[in-house]
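**Q** To start, I am sharing the structure in question, which I have written as structure tokens.
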Amino acid sequence: MSLFLAVTGALVALTLAALLWPLRAHGRATLVAVSAFTLALTAGGYAWLGSPQHLAPAPASATAESPPVMQAIAQFSARVQQDPTDAHAWAQLARARAALGRDTEAQDALETAARLRPRDANLLASHADFLARLHGGRIDDPTHALVQRALALEPTQPVALTLAAMAAQQRGQHAQAAQLWERLAATMKDDDPLRAQVLERARAAHATRTF
């Protein structure tokens with residue numbers, strides 16, 4: 001697993017931890033907005049799916065349909081019609097649909113890709129991240145199940161570790177969250193400046209469980 005993926009996962013985790021906790025008093029709408037923005041950063045780690053900006057659900061204001069994206073949709077739609085078992089084409093189709101805010105269609109394509117590649121940890125993690133962002137940062141049980149499947153296949157998958165730690169914190173399972181932050185830190189080099197910050201998240205989770 002590349003250092004880039006680990007750093008990406010850490011950045012998302014730290015941004016969420018730093019931003020969401022102080023904003024909790026401002027209500028759900030603020031938390032959802034910040035969660036959606038920060039979770040979008042994780043898309044950069046999915047080399048299997050390609051460019052990050054096309055994986056995140058498009059903002060509500062992005063209503064114009066880009067000709068290059070429409071061309072990509074046509075291209076990959078043709079590919080999956082020609083070969084419905086082409087998981088890579090399904091994932092690319094999901095990416096293009098998400099770029100236009102076609103979230104339901106993108107989710108359908110991701111689910112198809114995941115069925116075709118059930119042991120691809122990166123794809124499972126990207127699917128979980130996509131669902132989490134659709135839900136405003138909330139990691140529900142089906143999304144959490146995808147995270148657990150990804151970690152079962154690749155225990156050091158950093159985006160899955162980040163989502164798992166977030167899920168544990170959302171459920172008040174602070175001891176488990178601390179362990180997951182520590183696992184994420186273990187994927188990083190000792191001199192990586194982000195590693196110390198991830199470990200600080202772990203220490204904070206350890207401290208929270210004592211109250």
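Computed from the coordinates by the stated procedures, all read-outs in this text should not be read as laboratory data. Predicted, not measured: the structure shown is a model, and the values here were computed from it. So basically every Cβ, Gly included, is an ideal-geometry build from the backbone, and we count neighbours across all protein chains shown.
**Q** Considering only segment 106-211, give the helices (runs of 4 or more DSSP H) lying wholly within it that have at least 2 residues that are in contact (Cβ under 8 Å) with a residue 60 or more places away in the chain.
**A** In segment 106-211, 121-134, 158-170, 174-186, 193-208 are the helices (runs of 4 or more DSSP H) which contain 2 or more residues that are in contact (Cβ under 8 Å) with a residue 60 or more places away in the chain.
**Q** For segment 183-193, check the following and say yes or no: at least one residue is over 15 Å from the mean Cα position of the chain (by Cα), under 25 Å from residue 91 (Cβ atoms) and not aliphatic (A, V, I, L, M).
**A** Checked segment 183-193: at least one residue is over 15 Å from the mean Cα position of the chain (by Cα), under 25 Å from residue 91 (Cβ atoms) and not aliphatic (A, V, I, L, M).
**Q** Here is a list of conditions, (1) farther than 26 Å from residue 199 by Cβ; (2) in contact with a Gly (Cβ under 7 Å, 6 or more places away or on another chain); (3) not hydrophobic (A, V, I, L, M, F, W, C), and residue 158 meets all of them except one; can you say which number that is?
**A** If we test residue 158 against (1) farther than 26 Å from residue 199 by Cβ; (2) in contact with a Gly (Cβ under 7 Å, 6 or more places away or on another chain); (3) not hydrophobic (A, V, I, L, M, F, W, C), just (1) comes out false.
**Q** Surrounded by fewer than 24 Cβ atoms within 10 Å (Cβ to Cβ), out of contact with any Leu (no Cβ under 8 Å at 6 or more places or on another chain) and of a type in the set (Val, Ile, Thr): does that describe residue 156?
**A** Here the answer is yes, as residue 156 does meet what is asked.
**Q** Name every residue in segment 63-102 that is under 25 Å from the mean Cα position of the chain (by Cα), among the charged types (D, E, K, R) and not in a helix (DSSP H, G or I), in order of residue number.
**A** Hits for segment 63-102 are 65, 86, 102.
**Q** Consider segment 159-211. How many of its residues are surrounded by 24 or more Cβ atoms within 10 Å (Cβ to Cβ) and not small (Gly, Ala, Ser)?
**A** 11
**Q** Let me ask something else. Considering every residue within segment 151-166, establish whether at least one is on the phi > 0 side of the Ramachandran plot and of a type outside the set (Asp, Glu).
**A** Within segment 151-166, not a single residue is on the phi > 0 side of the Ramachandran plot and of a type outside the set (Asp, Glu).
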